[in-house]
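Colleague: A single structure is presented below for examination.
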Amino acid sequence: MDMAPPIIPEPRPSSTTRTENNLHNPLPLSASQESEVRKLYYARVRTRCADEIKQFADCARGRTFSVAWTCRAEHRAMNSCMIQFATKAEEDAAREEWFAGVLERRQKREEELVAVEKRRAEVIEMTRKQEEKERIEMERKLAEKQKLKQEKQSGGSWWR
């Protein structure tokens, strides 16, 4: 007896579904981490084109609409520099730099947590000392009140 064909076809291996090991991206990053990598990438590109950006900014300073035709050459020079250095290789270098800084950022965060914990312990200790001081002061005042009350009661029928 022949069996019916399966309802769900079995997946076929294809080149589009195959995952390769990507050495530049060893693990998927969250959106905030990708944002950090992008900031680092743009900062690297801007540092390489700092002279062109400064020339354009100097030309554009104090102008509004006339920037479009007055600073055209500086604008094109700046854009061509940015395009020249905004490559996939530069993005990969920024990503590698970000991954290299992971341990440093983790250590910095741990040091900050230790400092916060130390400060918290100091505050707790100061609070305990203050509470102890207040308790001793209250006991002293209470003892004074009781002493005054006893003095009034012991010698005090003179007003009756």
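Colleague: Can we say Ala121 is open to solvent by less than 100 Å² (accessible area, probe 1.4 Å), over 19 Å from the mean Cα position of the chain (by Cα), closer than 30 Å to Ser30 by Cα and free of Cβ contacts under 8 Å to residues at least 60 places away in the same chain? Can you show your working first?
Modeller: Details: open to solvent by less than 100 Å² (accessible area, probe 1.4 Å): yes; over 19 Å from the mean Cα position of the chain (by Cα): yes; closer than 30 Å to Ser30 by Cα: no; free of Cβ contacts under 8 Å to residues at least 60 places away in the same chain: yes.
Here the answer is no, as Ala121 does not meet what is asked.
Colleague: Within the stretch 78-107, take every residue that is closer than 16 Å to Thr47 by Cβ and of a type in the set (Gly, Ala, Ser) and give me the one that is nearest to the chain's Cα centre (by Cα).
Modeller: That would be Ala94.
Colleague: Does Lys133 fit the bill of being of a type outside the set (S, T, N, Q), open to solvent by 100 Å² or more (accessible area, probe 1.4 Å) and more than 36 Å from the chain's Cα centre (by Cα)? Let's see the steps before the verdict.
Modeller: Numbers: of a type outside the set (S, T, N, Q): yes; open to solvent by 100 Å² or more (accessible area, probe 1.4 Å): yes; more than 36 Å from the chain's Cα centre (by Cα): yes.
So Lys133 passes the test.
Colleague: If you don't mind, another one. I'm checking my understanding of the structure. Among residues of the stretch 33-57 that are of a type outside the set (Lys, Arg) and either at positive phi or exposed (fewer than 13 other Cβ atoms within 10 Å of the Cβ) (or both), which one is nearest to the chain's Cα centre (by Cα)? Talk me through it step by step, then tell me what you get.
Modeller: Here is the first cut: in the stretch 33-57, the ones of a type outside the set (Lys, Arg) are 33-37, 40-43, 45, 47, 49-53, 55-57.
Next cut, either at positive phi or exposed (fewer than 13 other Cβ atoms within 10 Å of the Cβ) (or both) only: 35, 43, 47, 50-51, 57.
Working: Ser35: 11, Ala43: 17, Thr47: 23, Ala50: 26, Asp51: 30, Ala57: 30 Å.
Across the stretch 33-57, the extreme among qualifying residues is Ser35.
Table: residues versus (1) modelled with pLDDT of 90 or more; (2) open to solvent by 100 Å² or more (accessible area, probe 1.4 Å).
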{"residue": "Ser66", "(1), (2)": "yes, no"}
{"residue": "Asn79", "(1), (2)": "yes, no"}
{"residue": "Gln84", "(1), (2)": "yes, yes"}
{"residue": "Asp92", "(1), (2)": "no, no"}
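The values are calculated or read from the model by the stated rules, or taken from the named source; none is laboratory data. Note that this is a predicted model, so its numbers are computed, not measured. In this analysis, Cβ positions are derived from the backbone assuming ideal geometry, glycine residues included, and neighbour counts consider all displayed protein chains. When the accessible area is computed, the model is the full protein with side chains, heavy atoms only, and any ligands, DNA or RNA have been set aside. Shrake-Rupley method; radii C 1.70, N 1.55, O 1.52, S 1.80 Å.
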